[in-house]
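To start, the structure under review is shown below, and the notes come after it.
Every read-out reported here was derived from the displayed coordinates using simple, explicitly stated rules and does not represent laboratory data. Model, not experiment: these values are computed from the prediction. Every residue, glycine among them, receives a Cβ derived from its backbone with ideal geometry; neighbour counts consider all protein chains shown.
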Ligand SMILES: NC(=O)c1ccc[n+]([C@@H]2O[C@H](COP(=O)([O-])OP(=O)(O)OC[C@H]3O[C@@H](n4cnc5c(N)ncnc54)[C@H](OP(=O)(O)O)[C@@H]3O)[C@@H](O)[C@H]2O)c1
């Protein structure tokens, strides 16, 4: 297993849910951690928890990934404290479940800025140093919903942006591989977090929900494969996935009917 001791990893959306779980994984593997999220309180609590449990250095940077200046500050603070950024895990995300014709306009903005633009911008801010270092690992939290065609009902904007992110990540791998930089997309299934807590119907049968464990394993795998290997995509989906038509009942009336 590759030694990650002393490497620096930024994890966005790390105050709870999947992000907190994978920040713990990176800390367990010996990385120094830079965690980011908007709410300072839970972020600081997570930082203390990780510091005490794993005896690694943890920097908590309040950051709204929809704001370029916050992302610039995050990259700057990470470099200032640790000298370099070896690993970036883009994970911060929001959800919005609506029949398209009812979806609020402001949700489009927040989905694009958080779940897509926030990822691309932060990568752009760290990639030149990774190119200079001739090494780096970037993990993007995509979604297992991108495996569905057509995309799951009521998640069109969320899922289509994740499709875009998945395509971007794959393309970026080809552009970056000669620089020694690995790019991995993780496609999680429906996982028991605050994000899914707000989704109706899908989470009604909680026995179908995954815990974060499989995603933590996927992150550990991606970060510890041999140097000349890149896990391009890792899908860890529910054994009985709740996305398929029989499980998500189609209750909306068709506009033509
Ligand atoms: N849960 C699932 O079933 C599932 C499935 C597939 C993919 N995913 C993806 O996995 C990622 C994590 O989801 P999760 O389920 O762990 O969600 P979650 O429990 O709601 O946690 C989201 C995290 O992102 C942070 N965040 C949200 N908006 C932010 C912003 N503008 N700037 C900075 N941080 C922000 C939140 O902290 P603050 O609110 O304090 O900012 C929190 O730490 C998302 O990208 C999601 O799309 C989740």
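Seen from all sides and averaged, what is the projected area of the convex hull of the Cα atoms in segment 17-109, in nm²? Show your work: numbers first, answer last.
Numbers: hull surface 27.3 nm².
It is 6.8 nm².
If r is the Cβ-Cβ distance from residue 39 to residue 179 and R0 is 45 Å, what FRET efficiency results, to the nearest 0.05?
Using R0 = 45 Å, I get an efficiency of 0.80.
Quick check on the exposure proxy: order 193, 206 from fewest to most C-beta atoms within 10 angstrom.
Ordered by Cβ neighbours within 10 Å, fewest first: 206, 193.
What is the extension gain from residue 227 to residue 170, computed as 0.36 nm multiplied by their sequence separation minus the C-alpha to C-alpha distance, in nm to one decimal?
18.7 nm
Once the Cα atoms of helix 17-28 and of the chain are each reduced to a long axis, what angle between those two axes, in degrees from 0 to 90 to the nearest 10, is obtained?
Roughly 20 degrees, rounded to the nearest 10.
Based on a Kirkwood Rh over C-alpha pairs, give the Stokes-Einstein translational diffusion coefficient of segment 46-191 at 25 °C and viscosity 0.890 mPa s in µm²/s.
D = 149 µm²/s.
For a Förster distance of 51 Å, can you work out the FRET efficiency between the beta-carbons of residue 160 and residue 80, rounded to the nearest 0.05?
So the FRET efficiency works out to roughly 0.90.
Can you give the calculated 222 nm mean residue ellipticity of the chain, where each DSSP H run of n ≥ 4 adds -39,500 (n - 2.57) and the sum is split over every residue, rounded to the nearest 500 deg cm²/dmol?
-12500 deg cm²/dmol
Sort 87-98, 174-185, 31-42 by packing, meaning the average of other beta carbons within 10 Å per residue, with the highest value first.
The packing order, highest mean first, is 87-98, 31-42, 174-185.
Determine the relative contact order of the chain: mean sequence separation of Cα pairs under 8 Å and six or more apart, normalised by residue count, in whole percent.
18
Could you state the angle between the C-alpha long axis of helix 118-133 and the longest principal axis of the C-alpha atoms of the chain, as a value from 0 to 90 degrees rounded to the nearest 10?
With both axes taken from Cα atoms, the answer is about 30 degrees.
Please report the relative contact order for segment 91-227, taking Cα pairs under 8 Å with a sequence separation of at least 6, and give it as a percent rounded to a whole number. Display every interim value, and only then the final one.
Values: 150 pairs, mean separation 34.6, N = 137.
That works out to 25 percent.
If you line up the long axis of helix 213-224 against the longest principal axis of the chain, both from Cα atoms, how many degrees apart are they, to the nearest 10?
That helix lies at roughly 40 degrees to the long axis.
Over all distinct alpha-carbon pairs, what is the Kirkwood Rh of the chain in angstrom?
18.6
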